[in-house]
1. Of all the residues that make up region 81-139, how many are under 20 Å from V186 (Cβ atoms) and of a type in the set (S, T, N, Q)?
2. Any residue in region 105-112 that is open to solvent by 30 Å² or more (accessible area, probe 1.4 Å) and among the polar types (S, T, N, Q)?
3. Under 8 Å between Cβ atoms, which residue pairs at least 6 apart in sequence (or on different chains) link something in region 190-205 that is under 16 Å from L49 (Cα atoms) with a partner that is open to solvent by 70 Å² or more (accessible area, probe 1.4 Å) and not polar (S, T, N, Q)?
4. Restricted to region 65-88, and to residues that are closer than 18 Å to P131 by Cα and open to solvent by 70 Å² or more (accessible area, probe 1.4 Å), which residue is modelled with the highest pLDDT?
5. If you go through region 31-57 one residue at a time, how many are modelled with pLDDT under 90 and not in a helix (DSSP H, G or I)?
6. Name the single residue that is modelled with the highest pLDDT among those in region 190-215 being within 28 Å of A64 (Cβ to Cβ) and among the aliphatic types (A, V, I, L, M).
7. Kindly list, by first and then second residue, each pair from a residue in region 13-31 that is open to solvent by 60 Å² or more (accessible area, probe 1.4 Å) to a residue that is hydroxyl-bearing (S, T, Y), limited to pairs with Cβ atoms under 8 Å and residues at least 6 apart or on different chains.
8. Would region 177-185 turn up any residue that is open to solvent by 70 Å² or more (accessible area, probe 1.4 Å) and more than 14 Å from the chain's Cα centre (by Cα)?
Amino acid sequence: MRLAELSARSGVSTATIKYYLREGLLHPGRRITATQAEYDEEHLRRLRLVRALIQVGRIPVNSAREVLAALQDEGLSRNRRLGTAVWALPHGPAPDDSDPATATARRTADELLERLGWCPGGTAAGAPAAPAYEMLVTAITALARLGYPCAVADLEPYARVMEQAAVDDLDMVERYAPEDHVEAAVALTVLYEPVLLGLRRLAQAEESRRRFEEE
């Protein structure tokens, strides 16, 4: 297909596609003349992923490039490729290690992961802490500073819910062909997080109605 058809089928403007090509987010098409190239279904699929990462996930171009590089690195195991790709996604501010409350938050996070039987720091021993772990520490620090519940006993029920969510996530990923697992995991992580947030808020509204509507 030509560039105009790729644009029409993907919903991405030709100018944006050209930008993605210049930035290396989309591999070049097959050159058919000095000024024209032809694109295929692989371009369309990759373009939809790039759009999901940048437009839906609000991921910076440089981070999107890291994600796509991880997807293409066949020298890594599927688990490592998935981890590398997910690490590149936005995770919020890092903990402020100059704040004494951060050390306390880290102890809480570590105790929680130990109770759950999860890897310390969210990754293999000796490796840098996972960005999601650092995000958890930042959140616990903020909760503690404002006086809201954030002990291990408060956090564990949420973690148990997330364990089941992770099972559901990977079950969904495995609906795809093995060579598409990492790409699907990244896309679904980006696209399903707003779904999870929306469902949580709707569930809160429903529970509030059940408890307090008669007051």
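The values are calculated or read from the model by the stated rules, or taken from the named source; none is laboratory data. The structure presented is a predicted model; accordingly, all values stated were derived computationally and were not measured. All Cβ positions, glycine included, derive from the backbone under ideal geometry; neighbour counts span all protein chains shown. For accessibility, only protein heavy atoms count, side chains too; no ligands or nucleic acids. Shrake-Rupley method; radii C 1.70, N 1.55, O 1.52, S 1.80 Å.
1. Within region 81-139, residues that are under 20 Å from V186 (Cβ atoms) and of a type in the set (S, T, N, Q) number 2.
2. Taking every residue of region 105-112 in turn, none turns out to be open to solvent by 30 Å² or more (accessible area, probe 1.4 Å) and among the polar types (S, T, N, Q).
3. Within 8 Å, the pairs are V190/V56; L191/V56; Y192/D169.
4. Selected residue: R65.
5. Matching residues across region 31-57 total 7.
6. L199
7. R30/Y39
8. Yes, some residue in region 177-185 is open to solvent by 70 Å² or more (accessible area, probe 1.4 Å) and more than 14 Å from the chain's Cα centre (by Cα).
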